[in-house]
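Working notes, beginning with the structure itself.
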C-alpha cells in the first residue's frame, strides 16, 4: 500500500464509514457515566452519560442534541460534511472518545473550540478543512494515531500521544511542529510547504518509520537529539537539504531511501550507519561518490538485501560501498561509471545494468556465479564485452538488449543453466555467429523458456 494512502482513506485506520457508523437511540446506547460529579463552571455538564458504539453526527442540530446527552463515546465519533457557518458548538462537555475522532470532509468547519474539554482520544483523523486555521486540542493526550491532511491550519496544539503514528499531509500553512513531543512510532510528513526546520519540536525518539517528503526543509539538525530505533525505515524525498547533518545517530536501518535531494553533495553524516537491509539512492545530482558509507554493511537476511542506484549524473565512484556475497537486487541505472567496483558478490537474485554510458565491460563482478532471477544488460551505449561475468553458471532469465557497441558475449559461455527465457535483441554489433555460439555453449536443453533473438548485427 502506498504510504500516503493512509492519509486519505480513514477506513485503513479503522475508522467507521458513514454507512455503518452507529445511529442508535439514547435508550439503546446509553449507560450512566462514571464521570466524577463536576463543580463550579463544570456543573452544566452533570447528568450526561456514555454513548456505547460509534456515532455519526451530520449537522449542527444532531451535534447539539448529542452533546446535551453524552460526555463520552465508547467507539468512534465522526462528523459528516458541514455547510458554511456550521460549527461543533454543543460538545463542550465531551471528555472522551475511545476510538477515532474523525472528520473526513470538514470543508467549512473553522475550528475545534467546542472540543476544549476533550481529554482522551484513541485516534485523530481530520481532513479537507480549508477554513480551519487552528487545530487545537491541548487537553487531549494518549492518542495512538494522528492524521491531518488537506487543512489550512497555521497552528497545531496537542497534548502528548502514546507513541503515536503521525501522518501530516498537504498542510500548506503549518510552519512549526512544536506540538510533536516525546516518542513517535511512525512519522510521515508530506507536502508541508511552509515547514523549513524541525528545530522547535520536542521529539526525542522515532521507533519505526521516518518519511520526509516534498517539504522545504533546508536542514535536519533538529533531529540531532532524536534517538532512532534499530531497524528504522527512512525516506527522504524532494527536500532542499544540503547535508544530512542531524542523522548522525542513525546506526542500524531496515531501509534507507534518498531521492530527489537536489542540493545534497555528501553522505558524510551517515558515517555512523553500520547496517542496513535495503539502500536506494535516486536522482542525487550533486553526489560524486558514496564517501561516508565505508563502514556500512548489508544485513544477512532471508529476503536478501537490495541496492538500487539510479539516475545520478555525477556519481563516478562506488568504491566506498561493500557488498556481501549474497544480494537480492543490484540495480544500477543511468550512472556515469567507467568501471564496477571489485565486489565480492557470488549470488544475486536480480542484476540490472542499464544506461551506464561509460561502462565498457563488467570487470569487477568476477566472483559472481548465480543469478537466480534476472540478468538484464540494456542500453549501455559504451559496453563492448561482458568481460567479468565468466564465473556465472546459472541464470533465471537472460536479457541483453540495445547495447550498440556490444560485440562479444563470450564471457557468458560458462552458463550451464537458464531456467527461464533468453532475449538477445537490438545489439547492432553483435553478430549472429556470436549469438549462436552463446546458445550452443549453454545448450538448448538447458534453457527452460523461450529464446528470442532479433535485430542484432549483420
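The values are calculated or read from the model by the stated rules, or taken from the named source; none is laboratory data. All values reported here derive from a predicted model rather than from experimental measurement. Don't worry about glycine lacking a Cβ; one is built from the backbone with ideal geometry, like all the others, and counts go over all protein chains shown.
Listed values, structure above:
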quantity: Criterion: outside any loop (DSSP other than H, G, I, E, B), in contact with a helix residue (DSSP H, G or I) (Cβ under 7 Å, 6 or more places away or on another chain) and either modelled with pLDDT of 95 or more or in the same structural domain as residue 274 (by TED's automatic domain parsing) (or both) - qualifying residue of 204, 197, 183, 147; calculated: 147
quantity: Any hit, the stretch 325-336, residues being buried (at least 17 other Cβ atoms within 10 Å of the Cβ), assigned to a loop (DSSP other than H, G, I, E, B) and not assigned by TED's automatic domain parsing to the domain that holds residue 385; calculated: no
quantity: Qualifying residue in the stretch 81-96 (condition: outside any helix (DSSP H, G or I), surrounded by fewer than 18 Cβ atoms within 10 Å (Cβ to Cβ), touching a residue at least 12 places away in the same chain (Cβ under 8 Å) and touching a strand residue (DSSP E or B) at 6+ places or on another chain (Cβ under 8 Å)); calculated: no
quantity: Qualifying positions in the stretch 183-195 - closer than 24 Å to residue 301 by Cα and buried (at least 20 other Cβ atoms within 10 Å of the Cβ); calculated: 186
quantity: Every residue from the stretch 287-313 that is touching a strand residue (DSSP E or B) at 6+ places or on another chain (Cβ under 9 Å) and either assigned by TED's automatic domain parsing to the domain that holds residue 355 or farther than 19 Å from residue 327 by Cα (or both); calculated: 287, 288, 289, 291, 311, 312
quantity: Boolean, residue 111 is modelled with pLDDT under 90 and under 33 Å from the mean Cα position of the chain (by Cα); calculated: yes
quantity: Condition met for residue 368 (in a loop (DSSP other than H, G, I, E, B), assigned by TED's automatic domain parsing to the domain that holds residue 333 and buried (at least 20 other Cβ atoms within 10 Å of the Cβ)); calculated: yes
quantity: Condition met for residue 377 (within 25 Å of residue 343 (Cα to Cα), out of contact with any helix residue (DSSP H, G or I) (no Cβ under 7 Å at 6 or more places or on another chain), assigned by TED's automatic domain parsing to the domain that holds residue 339 and exposed (fewer than 15 other Cβ atoms within 10 Å of the Cβ)); calculated: no
quantity: Residue match in the stretch 300-308 (condition: surrounded by fewer than 15 Cβ atoms within 10 Å (Cβ to Cβ), under 30 Å from residue 233 (Cβ atoms) and at pLDDT 95 or above); calculated: no
quantity: The stretch 309-324: number of residues that are assigned to a loop (DSSP other than H, G, I, E, B) and either crowded, with 17+ Cβ neighbours inside 10 Å or touching a helix residue (DSSP H, G or I) at 6+ places or on another chain (Cβ under 7 Å) (or both); calculated: 5
quantity: Checklist (1) assigned by TED's automatic domain parsing to the domain that holds residue 56; (2) in contact with a strand residue (DSSP E or B) (Cβ under 7 Å, 6 or more places away or on another chain); (3) within 21 Å of residue 201 (Cβ to Cβ) applied to residue 101, failing item; calculated: (3)
quantity: Subset of the stretch 344-356 [outside any strand (DSSP E or B) and modelled with pLDDT of 95 or more]; calculated: 345, 346, 355, 356
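Quick grid of which residues meet (1) touching a strand residue (DSSP E or B) at 6+ places or on another chain (Cβ under 6 Å); (2) in contact (Cβ under 8 Å) with a residue 12 or more places away in the chain; (3) surrounded by fewer than 21 Cβ atoms within 10 Å (Cβ to Cβ):
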residue: 129; (1), (2), (3): yes, yes, no
residue: 136; (1), (2), (3): yes, yes, yes
residue: 155; (1), (2), (3): yes, yes, yes
residue: 167; (1), (2), (3): yes, yes, no
residue: 197; (1), (2), (3): no, yes, yes
residue: 200; (1), (2), (3): no, yes, yes
residue: 207; (1), (2), (3): yes, yes, yes
residue: 216; (1), (2), (3): no, yes, yes
